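**Q** Have a look at this one before I ask anything.
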Amino acid sequence: MMIKSIESKIRLATFLSLGSFLLCLSVVAVVSFFAYGYVRDSRKSIYILDPSGTPILAKQTNVQLNRAAEYRAHIAKFHSLFFSLVPDDKFIEYQMKQAMYLIDESGALQYNNLKEKGFFTSILSSSAVLTLRTDSIFLDEKRMYFRYYGTQKIDRRSSSVTRSLITEGSLIDLETRSDNNPHAVLITRWKTLENRDISTIDKNAFQ
């Protein structure tokens, strides 16, 4: 009987030890899980200082959550740089330089074609001011394809011309962001589908 009692006590002690070990292991796993989640969330929070030196809490978010908005902003910025011009050769050169950071060689090809046709020279000679309004941007994220719809206004001394602008192209993601390309996107295979006059107003008619 004594031997059976000892064996029972040994089994009980073994069971209790094993149970305690598993319980401790479970507690450690649960605590580690919540601690990791807390550390991960805390890393998403940073403090920035406003001009007065007051700390402001800012949250880090996944870049992919708002990627479509970045694509559209990138497309709109490029078209604004490329098609919004004033009769100033230095300004035109600056606009084109900034635009080329956002696009591949297809942008340079169109720029050179316009330059050879005397497009930029005509802006200077006629003192034309070109402005572009973005109407809409169709974006297919799966195909990384876009189609841009805009309205361009060309104001000259003698007339004001409104044109319809439609272009298309593809997008590729870049690995790093930069001051010249903050969205880390590059427009590729860009071409103009339509650039036609909608209306022309003769300013001399109002004089």
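**Q** Would you check if Leu81 is free of Cβ contacts under 8 Å to residues at least 24 places away in the same chain, among the hydrophobic types (A, V, I, L, M, F, W, C) and either surrounded by 15 or more Cβ atoms within 10 Å (Cβ to Cβ) or under 14 Å from His183 (Cβ atoms) (or both)?
**A** On the way: free of Cβ contacts under 8 Å to residues at least 24 places away in the same chain: yes; among the hydrophobic types (A, V, I, L, M, F, W, C): yes; either surrounded by 15 or more Cβ atoms within 10 Å (Cβ to Cβ) or under 14 Å from His183 (Cβ atoms) (or both): yes.
In short, yes.
**Q** On to the next question. Among the listed residues Asp173, Asp155, identify the single one that is within 23 Å of Leu85 (Cα to Cα) and either acidic (Asp, Glu) or at pLDDT 95 or above (or both).
**A** On the way: Asp173 fails: within 23 Å of Leu85 (Cα to Cα).
Result of the check over Asp173, Asp155: Asp155.
**Q** Also, quick follow-up: Out of the residues in the range 87-125 that are acidic (Asp, Glu) and farther than 25 Å from Ser170 by Cα, state the one that is surrounded by the fewest Cβ atoms within 10 Å (Cβ to Cβ).
**A** Only one residue fits best here, namely Glu116.
**Q** Name the residues in the range 145-177 that are open to solvent by 40 Å² or more (accessible area, probe 1.4 Å) and in contact (Cβ under 8 Å) with a residue 12 or more places away in the chain, would you?
**A** Selection gives Arg147, Tyr149, Lys153, Asp155, Arg156, Arg157, Ser158, Arg163, Ile172, Asp173, Leu174.
**Q** Also: Can you tell me which residues in the range 110-141 are within 27 Å of Arg67 (Cβ to Cβ) and out of contact with any Gly (no Cβ under 7 Å at 6 or more places or on another chain)? Give the steps one after another, and end with the answer.
**A** Looking only at the range 110-141, we keep the residues that are within 27 Å of Arg67 (Cβ to Cβ), and these are 110, 132-141.
Gln110, Ser136, Ile137, Phe138, Leu139, Asp140, Glu141, listed by residue number.
**Q** Another question, if that's okay. Exactly one condition in (1) open to solvent by less than 60 Å² (accessible area, probe 1.4 Å); (2) under 13 Å from Phe78 (Cα atoms); (3) in contact (Cβ under 8 Å) with a residue 60 or more places away in the chain is not met by Thr192; state its number.
**A** (2)
The values are calculated or read from the model by the stated rules, or taken from the named source; none is laboratory data. In this text, all values refer to a predicted model and were calculated from it rather than measured experimentally. Positions of Cβ are generated from backbone atoms using ideal geometry, with glycine treated the same way; all protein chains shown enter the neighbour counts. Calculation scope for accessible area: heavy atoms of the full protein, side chains included, ligands and nucleic acids excluded. Shrake-Rupley method; radii C 1.70, N 1.55, O 1.52, S 1.80 Å.
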